[in-house]
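The values are calculated or read from the model by the stated rules, or taken from the named source; none is laboratory data. For clarity, every value in this text was computed on a predicted model and none was experimentally measured. Using ideal geometry, Cβ is built from the backbone for each residue, glycine included, and neighbour counts are taken over all protein chains shown. Surface accessibility is based on the protein's heavy atoms, side chains included, excluding ligands, DNA and RNA. Shrake-Rupley method; radii C 1.70, N 1.55, O 1.52, S 1.80 Å.
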Amino acid sequence: MCGIVGYIGSRSAAEIIINGLKRLEYRGYDSSGVALVGEDLFYNKSKGKIKFLEEKLDFSNIKHYHVGIGHTRWATHGAPSDINAHPHFDCKKEIAVVHNGIIENYAAIKALLIEKGHHFTSETDTEVIVHLIEMYYQKESSLLEAVRHSLPLLDGTYGILVVSNREPDKIIAARKGSPLILGIGSGELFLASDASAVVEHTRRVVYLDDGEIVEITSDGFKTYDLGKNPVQKDESHISWDIKSIEKQGFPHFMLKEIFEQPETIKNAFRGRALIEEGEVRLDGLSLNPEDFAGIQRILFLACGTSWHAGLVAEYLIEEFARIPVEVEYASEFRYRKPVLRKGDLVFVISQSGETADTLAALREAKSCGIRVLGITNVVGSTIARETDGGVYIHAGPEIGVASTKAFTSQLVVIVLITILLARRSEMSRDEAKGYLQELEKLPQLVQAVLDKSDEIRKIAGQYCNRTNFLYLGRGVHFPVALEGALKLKEISYIHAEGYPAAEMKHGPIALIDDQMPVVFIAVRDEVYRKVIGNMEEVRARKGNIIAIANEGDREVHRYASHVIYIPEVSKLVAPLLTIIPLQLLAYHIAVLRGCSVDEPRNLAKSVTVE
Ligand code: G6P
């Protein structure tokens with residue numbers, strides 16, 4: 001949800017900023033802009049993708065600027081337009097600000113500043129920040145002090161970068177609720193919303209924390225709290241490299257990420273299982289035997305695809321570990337005064353580790369004295385740092401806005417947590433060993449499903465012009481149906497609904513006619529026969545059935561127009577396989593419809609606003 005980049009060093013700032021913004025484009029892509037400072041302040045902005053801004057810039061004419069900031073926007077206040085694009089400026093255009101977040105009290109501040117004679121040009125909340133800084137800059141001796149005085153007046157969230165041509169050798173950065181990292185190069189420093197914008201230059205980073213303000217010059221950086229006290233920051237090392245964030249021959253990041261799953265599943269599993277002993281080791285959870293014994297209930301809080309992973313956890317943990325589980329949208333949890341008790345354990349699930357609602361839910365649970373653990377992908381993200389412990393899914397950077405590999409990696413971790421908990425109650429060592437062996441060989445089975453991509457593209461070709469889809473599954477495949485439907489609507493803009501198969505007759509059945517494709521997950525488990533019954537009901541109403549069934553199945557083809565056969569595995573790991581054809585189906589349909597697969601309209605990868 002908006003990406004910001006800053007650079008200070010000896011190279012051309014514009015080029016580095018534009019390249020960095022392109023790496024962050026998945027965070028928002030409705031408009032972008034840059035501001036560069038030297039003897040004067042140069043800026044340019046453009047509605048639309050970053051390539052439009054790039055086309056407007058004459059790089060040879062601006063290569064003498066070595067300090068600058070840039071922004072790619074996902075609109076919250078004010079429509080996408082050149083004027084509302086960041087950076088925003090003070091009245092004299094001496095100060096420029098880029099901002100990720102939302103200033104909730106902007107209207108009151110704006111009214112006050114207008115009264116004091118400030119002139120506003122945009123409809124954004126961000127513009128109040130720069131006019132506030134302008135007001136204090138008249139009284140304070142430095143940009144740092146002017147920013148420091150302004151921040152306490154802002155309610156809401158921000159990651160900001162500020163430059164001024166009155167002090168052209170520095171950038172001031174500050175954060176509260178929106179991510180910001182500092183990359184340390186040799187003789188140069190980078191600022192960005194996340195590591196993907198800096199990793200091609202350096203893997204040495206510092207994660208800024210809420211309530212911190214940093215003064216950055218080409219000589220180094222100094223971090224303070226808002227009370228002016230210096231803060232000592234530790235350096236971290238990014239473990240992945242630039243190759244992880246390039247397409248490597250795939251037409252889209254999404255397809256690359258779908259095809260990475262044999263590897264990412266392996267990475268989520270690696271080093272976490274003692275297969276012979278039937279044991280799981282997740283030391284990051286920091287739970288001792290008494291902690292385990294005290295768990296009365298587990299809550300999973302998340303948004304979007306991560307919420308679907310939480311629903312899978314509910315089915316698995318309740319069945320195999322017999323511990324009550326509740327799953328809730330983080331956005332609902334944070335505002336509804338939930339009842340939390342001793343014995344509750346909360347897991348937040350978040351690929352990015354920055355989703356604002358999930359972060360707020362985490363804080364809400366912690367404020368009630370509940371232990372909160374995280375299942376996150378981005379190392380060093382805010383959620384990873386604020387939880388009491390957790391598990392990284394190690395999926396590597398996920399760039400495609402529609403989450404794929406992060407989902408399956410989350411599921412691997414959830415299966416491991418299920419086994420860990422179940423071993424303390426009903427699951428025998430041999431059963432656990434069997435499941436762990438299945439997990440170990442899963443990457444090959446996932447590859448076998450990926451090899452059906454061409455077959456799935458042909459099916460996609462027959463249905464890509466339909467306007468509605470229904471996805472049906474039962475038990476642990478109900479959340480998979482939800483996720484399959486979400487993938488399709490996110491990237492192809494086809495209306496799709498996921499439903500528990502048996503619930504279909506309480507409503508969606510009214511929609512079924514010969515124009516309605518119905519995707520069934522009909523693998524062999526204890527509800528298989530029931531699902532077959534639901535397929536008959538759809539067929540009787542002339543719906544077109546696309547089914548996911550197990551290899552060797554002799555029945556499903558009698559009801560379905562198309563069957564995608566996948567290997568048969570136990571229920572504990574089955575969602576890891578059944579989701580793969582649904583990801584591919586959504587992808588191929590979106591491509592055939594000419595949609596922007598990696599950057600679907602109106603969506604952002606990381607939603608850092610409420
Ligand atoms: C956005 C993304 C989804 C993602 C959701 C939760 O809506 O477009 O793909 O599932 O946020 O994100 P998180 O990073 O918390 O898993």
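Think of segment 114-249 as a dipole: +1 on every Lys or Arg Cβ, -1 on every Asp or Glu Cβ, centred on the Cα centre; then among Ala146, Tyr224, Ile114, Tyr224 lies furthest on the positive end. Values of log10 I(q)/I(0) for segment 325-454 across q = 0.10, 0.19 Å⁻¹ run -0.40, -1.14, by the Debye formula with one identical scatterer at each alpha carbon and no solvent. Taking the longest Cα principal axis of the chain as reference, the axis of helix 127-139 is set at about 30 degrees.
Here the label points at Ser218 and Glu318, each 7 Å from Cα along the C-beta direction, are separated by 6.2 nm in the simple model. Dipole magnitude for segment 86-179: computed about the Cα centre from +1 point charges on Lys and Arg Cβ and -1 point charges on Asp and Glu Cβ, it is near 160 debye. For segment 1-89, the set of trypsin sites (Lys or Arg not before Pro) satisfying both a DSSP loop assignment and a count of at most 11 other C-beta atoms within 10 Å is empty.
Computed from the alpha carbon atoms alone, the convex hull of segment 147-193 holds 76 Å³ per residue. Per the Cα gyration tensor, segment 176-266 maps to an equivalent ellipsoid with semi-axes of 32, 14, 11 Å, ordered largest to smallest.
May I ask for the percentage of alpha-carbon pairs in segment 253-335 that lie more than 14 Å from each other? When every Cα pair of segment 253-335 is considered, 76 percent fall beyond 14 Å. For Leu511 and Asn229, the FRET efficiency from 1/(1 + (r/R0)^6), where r spans their Cβ atoms and R0 equals 35 Å, is about 0.05.
Rolling a 1.4 Å probe over the protein chains gives Tyr65 an accessible area of about 10 Å².
As a test of the formula, what do you get for the chain when each DSSP H run with n ≥ 4 contributes -39,500 (n - 2.57) and the sum is divided by the residue count, at 222 nm and rounded to the nearest 500 deg cm²/dmol? When only DSSP H runs of four or more count, the value is -10000 deg cm²/dmol. Close amide H contacts of Gly185 (hydrogens built in the peptide plane, cut-off under 5 Å, sequence separation of 5 or more or a different chain): Phe190. Taking the empirical scaling 2.2 N^0.38 Å for compact globular proteins as reference, segment 476-555 has a Cα radius of gyration ratio of 1.06. Seen against the Cα atoms of the chain and their longest principal axis, helix 304-316 is set at about 40 degrees.
Remark: relative contact order (the chain) = 12 percent; criterion is Cα-Cα distance under 8 angstrom and separation of 6 or more residues. Placing unit charges on the Cβ atoms of the charged side chains and taking the dipole of segment 319-378 about its Cα centre, the candidate lying farthest along the positive direction among Val348, Gly369, Leu359 is Gly369. For the chain, the Stokes-Einstein estimate of translational diffusion at 20 °C and a viscosity of 1.002 mPa s comes to 84 µm²/s, using the Kirkwood hydrodynamic radius over alpha-carbon pairs. Inter-part distance, segment 431-485 to segment 143-204, computed on C-alpha centroids, equals 42 Å.
The peptide list 411-419, 527-535, put in order of mean Cβ contacts within 10 Å with the highest first, becomes 411-419, 527-535.
Across the accessible surface of segment 171-305, with the other protein chains kept in place and a 1.4 Å probe, carbon and sulfur atoms take up 47 percent. Extending 7 Å from Cα along the Cβ direction at Arg466 and again at Leu592 yields two label points whose distance is 1.0 nm.
Straight-line cross-link partners of Lys342 among the lysines, defined as a Cα under 26 Å from its Cα and at least 8 positions apart when in the same chain: Lys366.
Rg/Rh for segment 196-348 (Cα atoms only, Rh after Kirkwood) is 1.04. For the chain, the share of DSSP beta bridges that are antiparallel, to the nearest 5, is 60%. Would you please state which residues of segment 12-40 a label at Asp58 would reach in this model, taking the label point 7 Å out along Cα→Cβ and a backbone N cut-off of under 11 Å? Those under the cut-off are none; the list is empty. Taking the Cα centre of the chain as origin and assigning +1 to Lys and Arg Cβ atoms and -1 to Asp and Glu Cβ atoms, the resulting dipole is close to 800 debye.
Reported to the nearest whole Å, the Cα centre-to-centre distance from segment 61-90 to segment 486-548 is 46. Overall shape of segment 1-104 was characterised from the C-alpha gyration tensor. The equivalent ellipsoid obtained from it has semi-axes of 20, 15, 12 Å, in decreasing order. The angle between the Cα long axis of helix 356-367 and the main principal axis of the chain comes to about 80°, on a 0 to 90 degree scale. Per residue, the Cα convex hull of segment 459-610 amounts to 119 Å³. Determine the alpha carbon to alpha carbon distance for each of Lys247/Lys441; Lys110/Lys139; Lys49/Lys247; Lys22/Lys63; Lys47/Lys405; Lys63/Lys243 and list only those over 21 Å. Too far apart for the 21 Å limit: Lys247/Lys441; Lys47/Lys405; Lys63/Lys243. Placing unit charges on the Cβ atoms of the charged side chains and taking the dipole of segment 202-336 about its Cα centre, the candidate lying farthest along the positive direction among Gly294, Phe259, Ile323 is Phe259.
Subtract the Cα-Cα distance of Lys243 and Asp451 from 0.36 nm times their separation in residues, and report this length gain in nm to one decimal.
72.6 nm
Under a model in which nothing but the beta-carbon of Lys, Arg (+1) and Asp, Glu (-1) is charged, segment 467-517 shows a dipole of about 120 debye around its Cα centre.
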